[in-house]
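The values are calculated or read from the model by the stated rules, or taken from the named source; none is laboratory data. All values derive from a computational prediction rather than experimental measurement. A quick note on method: Cβ atoms are made from the backbone with ideal geometry, for glycine too, and the neighbour counts reach across all protein chains shown.
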Amino acid sequence: MLQFALWNRIFIIGVVLAGLAFAMPNLFYGQVERHNDAIAEIEATGVTSDALAADRAGWPDFLPATLVNLGLDLRGGAHLLAEVQVEDVYEARMDALWPDVRDALRAARDQVGTIRRQDAVPGELRVQISDPAGLAAAVAAVRTLAQPVVSLTGGFTAQTLDVSGAGDVVTVTLSAEEQAATNDRTMQQSVEIVRRRVDEAGTREPTIQRQGDDRVLIQVPGIGSAQELKDLIGTTARLTFHPVVGRASSADAQVESRQLLLPSLDEEGVFFILEQTPVVTGDDLVDSQPAFDQQTGQPSVTFRFNPTGARAFGEYTSANVGAPFAIVLDGEVISAPSIRQAITGGSGQITGNFTVTESTGLALLLRAGALPAEMVFLEERTIGPELGADSIAAGEIAAMVAFSAVLIFMVLSYGLFGVFAAVALILNVGLIFGVLSVIGATLTLPGIAGIVLTIGMAVDANVLVFERIREELKTARGPARAIELGYERALSAIIDANLTTFIIAVILFTLGAGPVRGFSVTLGIGIITSVFTAIFVTRLIVVTWFAWARPKTIEV
Amino acid sequence: MRRLKIVPDQTNINFFKYARATFGASVVAVILSLGIWFAMGLNFGIDFLGGTTIRTESAQAVDIAAYRAAMEPLGLGDVTITEVFDPTFGADRNVAMVRIQAQEGAESVTPEIILAVEAALQAVAPDMTFPSVESVGPKVSGELITTAVLAVAASLGAILIYIWLRFEWQFSVGAVAALIHDVILTIGVFSLLQIRFDLATIAALLTIIGYSINDTVVIFDRLRENLIKYKSRDLRDVMNLSANETLSRTLMTSGTTLVALLALLVLGGDVIRGFVFAIFWGVIVGTYSSIYVAKNVVLMIGVKRDWSKPDAPTGTQFSNIDA
C-alpha cells in the first residue's frame, strides 16, 4: 500500500495538473471573458478591430480559456418561466379544418342536407346539418378527413380526429393522441423561436429549456429586467396580409361571417373590415430587415417571401391592383396601403408610424418567426448586477476566511499531516473549479455556499484517515504499517459516508431548480474531488514524504 | 510540537449514562418543534406562497411606516416590509424587502403593479434602486411545495435503503430516526424565529440530511467493525467504544465545517444568510443526533450479533435501556 506504481503517480499528478490548468482561467475572469468574447465576435463578424485584437491578446491562445458560468444571482439578469398555451393551436387547427369539413359535407349534400357551422368552445368544431337522418353519413364523411397520427414512436395507429354526432350536430375535435403530438410540436417550435429571438438580440449565454409538458424556462444574464425580456419573447409576432373589405369607425360595426374587424395600430377609432383568410402569412417570410422609406425617410421594415409566399402574394396583387390590403400584426392593422402594381418579386416594405427602435424590433421578431401559441408567465425574477457583484465579493471573503480558518485548525491538530491536508484542500478547491469549468456548470450563490461547505467537509476524509493512523500507531508495528492500515481501514467509512451524501446531491439535482441545482452540482463535485484528493493525493504526498524522510517514528 | 486536541487521546465516555435524559430531551425537542410549527406556522417565502418580493436599496434610512403608507393607495392586499441588516452594509446602504401577496386571478404580478410600487416607493426615497424583483405565480408555488416534500421524502427513503443494504435494517431505522429528528428541529427553529422558509431552505434541509448521515455512518461503520471484533461484548459497551474511538473525528469534522459555515454566516451577505443558518444549525443538531439519537434507537431495537445463525431472535436482550 505504501508503494505507488509509476503510472499511478503519473495519472494522479496528471489529473491534478489538468484540473488546476482548467481552474486557472477563473482567476483572471475578466481578461479571459473578454478574450472569449473577442474571439466569438471576430468569428461572427469576420472583422478584427484593434480593440478586439487587444482583448484577444489579453489571454494567451494556447492556455485553456473555459470559465465557470456565473448564474443569474451572481451576474444579474432576468429569469422567466412561461407556460405555452398549447390549446391555442387546437383552435387554429379546427379553423383550418373547417373548409375541408365543409367541402366533405357538401359532397354528401343529398344525404345530410344543408350545413351550418355553429359556435363552439375553442378547439371544437360543431356543424349542424339540416337532415338529422343523414347524421351517420355526415360523421362518416368527416371521418375520411382524419389521418394517422404522425409520432416519433410510430407503430401506434391512432387517428388525428375524434368525430361524433348527436341529434343534428357533428362535433369534431383533435384526438388525444393528436393533441399530445401537437403539444410536442408546439413546444419544440416555441422553444426554438424563443431561442432565435434571444439569440437575435445578441445576449450572452442564455438558457432556454423546455420544462415539463408545457413550460419554457428562459434565463438571460445581463439583461436589465424581466420586462425587457418579456417584450422580446412575449409577443406572438404573427404577421398576416388580408384583403380589405371596408373601414369602420367603431368596434361594434357589423361584419359578415368569415370577416374580421380589427383596430388600426396607430389611428385611434379606426377599424378595418378584413377577410378572415389571409393571402399570405409570416410563416412564408425568409428575411426581414429594418430600413428607411426612400420617399419619406421614415423608418420601415423590409421583408422577403419564400417562393410559395412570393407566388401567392404575386398572384393576389396582380389580380387586385388598386384594391387596399392590410398588413396585420397580432390582431392590429399596421397599415392598409393600396396595391399600386403587382408585386411579383416576393419582397416588400412595411411603413407605419415606427420609431427606429420599433422597426428594428419588428424586423427581429419577423425574422425569428411567430410563436405558435401565446405564452403566460408564471414566474419572473430580475436580479440587478450590483447585487450579484456584492454576493460574489461576500462569497469570496467568506471562502477565504473559511479556508484560512480550516487550514490553521488542521495544522494545529495534525502538525505536518495537517499541512499535507491543507495542500490537498487547496488542490481540492482548484479541482472543483476545474471540473465546473470543463463541464460548463453554472455557479450560483448557493453554489458558493456548497464550495464553502465542501471546504469544511473536505478535510473529513483526511481526518478519518489521520485519526485512524493515530489509532493504529498505538498498536501497529512501526509507522509504515500504521499509515498503511490507516488508509486501508478508513476507506470503508469514507466511501459509505460520502456515497450517502452523494445520493442527496443527486436527489437535489434531479428535483431542484435553478439555484438549488447549482448547489447540488458543486456539492456533488466537491464530494468526488475531496474523496479523490484524500485517498490518492494526500496519500501520494504522505508516501512520498515517508520514502524521502524515512522517519523512525511519526506523530500525527 | 504541541497539538491542538479537541478530544484527549483516550476517552472512555459512557454515552448511555444519561441516555434517558439525552434521548428524552431529543423527544421533547421534537415534540416542541412540532408544536411550534403547528402553532406559529412557517414564514413561507414566495417560492411556496406565490407573490412578489422587491428588494429596495437607498441612502436614506428605511422608514417602514412611510413605505407602507406610500403603498396603501395601491390596494395590493397583504404587504410585508422588513428591513435587512448586514455588517457589510455601510451607513449609506439601507436595504429592505417588500413583499406583496399573490394577486387574485393573476399568474404573476403584472409589470404595471411592480412599476406602480416602484414609483410609490421612489416618492418616499427618490434615490431608491431595486436590485432584485422576483415574482412567482400561485400555480408554480403549489408545485414547488410538492417537489420540496418529495425531495425530502426521497432522500430519507434512499438513505433508508442504502444503509439497509450496507449495514442492517436496525441501523437504517436508527439513522433515519436521527435524520427526522434533525429535520424537525430545524423546521422548529425556522418557525420559532420566523426565518423565511423557501426553496433554498429545502436545499439546506437536504444538506443537513447529507451531513448528518455522513456523521452517523462513520460511527456505524466503526460499530460494525467492532461488533465483528468483539463478538461477545455487550452491545452497549461496543457502541460506547465505537463512539469514543470516532469522537475525535466527529468533533474535528464538525469543527472545521462549523468554522467554514461561521465565516459564511457572518461575511456571506444577507441574501444567503437564512440558507447558511439552516445548515449551521443542522450541523450542530446532526452531530448531536448521530451520537445520542441514532445509536439509542439502534440499541432499543437491538442488533443481530451472530451472523452464523440466521434466525436468532433479535432485539430482546439489549432492548432494556434504563441506565
Kindly list, by first and then second residue, each pair from a residue in the range B:240-260 that is among the charged types (D, E, K, R) to a residue that is in a helix (DSSP H, G or I) and buried (at least 21 other Cβ atoms within 10 Å of the Cβ), limited to pairs with Cβ atoms under 6 Å and residues at least 6 apart or on different chains.
-> B:Glu245/B:Arg222; B:Arg249/A:Val463; B:Arg249/A:Leu464; B:Arg249/A:Glu467
List every residue pair whose Cβ atoms sit under 7 Å apart, with the two residues 6 or more apart in sequence or on different chains, where the first one lies in the range B:67-84 and is assigned by TED's automatic domain parsing to the domain that holds B:Thr56 and touching a residue at least 12 places away in the same chain (Cβ under 8 Å) and the second, anywhere, is of a type in the set (Asp, Glu) and surrounded by 14 or more Cβ atoms within 10 Å (Cβ to Cβ).
-> B:Val84/B:Asp270
Counting only residues that are surrounded by fewer than 19 Cβ atoms within 10 Å (Cβ to Cβ) and closer than 20 Å to B:Ser155 by Cα, the range B:185-199 contains a total of 0
On the given criteria, is A:Leu427 closer than 30 Å to A:Ile339 by Cα, in a helix (DSSP H, G or I) and more than 7 Å from chain B (Cβ to nearest Cβ)?
-> no
Which listed residue is more than 14 Å from every other protein chain (Cβ to nearest Cβ), surrounded by fewer than 17 Cβ atoms within 10 Å (Cβ to Cβ) and under 13 Å from A:Val163 (Cα atoms), from A:Ala140, A:Ala146 = A:Ala140
Extreme residue, nearest to A:Gly384 (Cα to Cα), among residues of the range B:129-144 that are surrounded by fewer than 19 Cβ atoms within 10 Å (Cβ to Cβ) and touching a strand residue (DSSP E or B) at 6+ places or on another chain (Cβ under 8 Å) = B:Thr129
Within the range B:36-52, can you find the residues that are more than 17 Å from the chain's Cα centre (by Cα) and of a type outside the set (A, V, I, L, M, F, W, C)?
-> B:Asp47, B:Gly50, B:Gly51, B:Thr52
State which residue is nearest to B:Gly210 (Cα to Cα) when the search covers only the range B:157-170 and only residues that are more than 7 Å from every other protein chain (Cβ to nearest Cβ) and surrounded by 18 or more Cβ atoms within 10 Å (Cβ to Cβ).
-> B:Ile163
For A:Gln227, work out the one condition from (1) touching a helix residue (DSSP H, G or I) at 6+ places or on another chain (Cβ under 7 Å); (2) of a type in the set (S, T, N, Q); (3) in a strand (DSSP E or B) it doesn't fulfil.
-> (3)
Any idea which residue in the range A:445-468 is surrounded by the most Cβ atoms within 10 Å (Cβ to Cβ), counting only those that are facing another protein chain (nearest Cβ under 7 Å) and among the β-branched types (Val, Ile, Thr)?
-> A:Val459
Does A:Phe11 meet the test of being part of a helix (DSSP H, G or I) and within 33 Å of the chain's Cα centre (by Cα)?
-> no
Picking from A:Thr317, A:Thr308, the residue that is in the same structural domain as A:Val280 (by TED's automatic domain parsing), out of contact with any Cys (no Cβ under 8 Å at 6 or more places or on another chain) and over 13 Å from A:Gly348 (Cβ atoms) would be A:Thr308
Go through the range B:259-304 residue by residue and tally those that are within 19 Å of B:His181 (Cβ to Cβ) and either of a type outside the set (S, T, N, Q) or part of a loop (DSSP other than H, G, I, E, B) (or both).
-> 21
Unique residue being modelled with pLDDT of 85 or more, at the interface with another protein chain (Cβ under 7 Å from one of its Cβ atoms) and within 23 Å of A:Ile408 (Cα to Cα) when the list is B:Ile284, B:Ile279 | B:Ile279
Does B:Phe89 fit the bill of being over 23 Å from the mean Cα position of the chain (by Cα) and not polar (S, T, N, Q)?
-> yes
Could you tell me whether any residue of the range A:106-117 is free of Cβ contacts under 8 Å to residues at least 60 places away in the same chain and in contact with a Phe, Trp or Tyr (Cβ under 6 Å, 6 or more places away or on another chain)?
-> no
Selected residue (criterion: farthest from B:Tyr162 (Cα to Cα)) from residues of the range A:492-527 that are among the hydroxyl-bearing types (Ser, Thr, Tyr) and more than 7 Å from every other protein chain (Cβ to nearest Cβ) = A:Thr522
Number of the exception - B:Val217 against (1) more than 7 Å from chain A (Cβ to nearest Cβ); (2) among the hydrophobic types (A, V, I, L, M, F, W, C); (3) in contact with an Asp or Glu (Cβ under 6 Å, 6 or more places away or on another chain) | (1)
Selection from the range B:123-146 of residues that are under 25 Å from B:Ser58 (Cα atoms) and more than 10 Å from chain A (Cβ to nearest Cβ) | B:Ala123, B:Val124, B:Ala125, B:Pro126, B:Asp127, B:Met128
For A:Phe292, indicate whether it is free of Cβ contacts under 8 Å to residues at least 60 places away in the same chain and aromatic (Phe, Trp, Tyr).
-> yes
With respect to A:Ala78, determine if the residue is hydrophobic (A, V, I, L, M, F, W, C), in a strand (DSSP E or B) and under 30 Å from A:His35 (Cβ atoms).
-> yes
Within the range B:182-214, work out how many residues are closer than 22 Å to B:Phe16 by Cα and at the interface with chain A (Cβ under 8 Å from one of its Cβ atoms).
-> 2
Look at the range B:220-257 and say how many of its residues are within 22 Å of B:Asp9 (Cα to Cα), of a type in the set (Gly, Ala, Ser) and more than 8 Å from chain A (Cβ to nearest Cβ).
-> 3
Condition met for A:Ala421 (assigned to a helix (DSSP H, G or I), farther than 21 Å from A:Ala226 by Cβ and of a type in the set (A, V, I, L, M, F, W, C)) = yes
Determine which member of the set A:Arg106, A:Arg93, A:Arg185 is part of a helix (DSSP H, G or I), of a type in the set (Lys, Arg) and under 30 Å from A:Thr442 (Cα atoms).
-> A:Arg185
Given the residues A:Leu371, A:Leu378, which is the only one that is touching a residue at least 40 places away in the same chain (Cβ under 8 Å) and over 30 Å from A:Ser288 (Cα atoms)?
-> A:Leu378
Among strands (runs of 3 or more DSSP E) completely within the range A:320-398, the ones holding 1 or more residues that are within 14 Å of chain B (Cβ to nearest Cβ) and either among the charged types (D, E, K, R) or more than 30 Å from A:Leu453 (Cβ to Cβ) (or both) are A:375-383
The range A:50-89 - residue that is in contact with a strand residue (DSSP E or B) (Cβ under 7 Å, 6 or more places away or on another chain), among the small types (Gly, Ala, Ser) and more than 30 Å from A:Glu178 (Cα to Cα) and, of those, farthest from the other protein chains (Cβ to nearest Cβ) | A:Gly71
